[in-house]
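The values are calculated or read from the model by the stated rules, or taken from the named source; none is laboratory data. In this text, all values refer to a predicted model and were calculated from it rather than measured experimentally. Cβ placement follows ideal geometry from the backbone for every residue including glycine, while neighbour counts extend to all protein chains displayed.
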């Protein structure tokens, strides 16, 4: 299992890192499964530096976006929410 923050998702990483955020415990429970955050989207929302400072790598294999086609071809099931 991999988690990739895409779209508006990257802007939540710095928020979820805050110990007083109500979802911080859940975020920390799955943080080791975070494969990255969309480089383009993180830039669009102005959080690139914050995401990297949180220890999450930026991914951008396809025009700055993660390649979900590549993951699907590797057998991953893509689930979005």
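With respect to being touching a residue at least 12 places away in the same chain (Cβ under 8 Å), touching a helix residue (DSSP H, G or I) at 6+ places or on another chain (Cβ under 7 Å), closer than 16 Å to residue 12 by Cβ and part of a helix (DSSP H, G or I), residue 51 fits the description.
If you take the residues of region 49-64 that are closer than 15 Å to residue 7 by Cβ and more than 8 Å from the chain's Cα centre (by Cα), which of them is surrounded by the most Cβ atoms within 10 Å (Cβ to Cβ)? Among them, the one singled out is 51.
The set of residues in region 22-34 that are in contact (Cβ under 8 Å) with a residue 12 or more places away in the chain and not in a helix (DSSP H, G or I) contains only 34. Residue pairs whose Cβ atoms lie under 8 Å apart, separated by 6 or more positions or on different chains, with the first residue in region 63-76 and closer than 17 Å to residue 40 by Cβ and the second in a helix (DSSP H, G or I) and at pLDDT 95 or above, are 63/40; 64/39; 64/40; 64/43; 65/39; 65/40; 65/41. Return the residues of region 35-48 that are assigned to a loop (DSSP other than H, G, I, E, B) and either surrounded by 14 or more Cβ atoms within 10 Å (Cβ to Cβ) or touching a residue at least 60 places away in the same chain (Cβ under 8 Å) (or both); say none if nothing qualifies. Residues satisfying the conditions are 45, 47.
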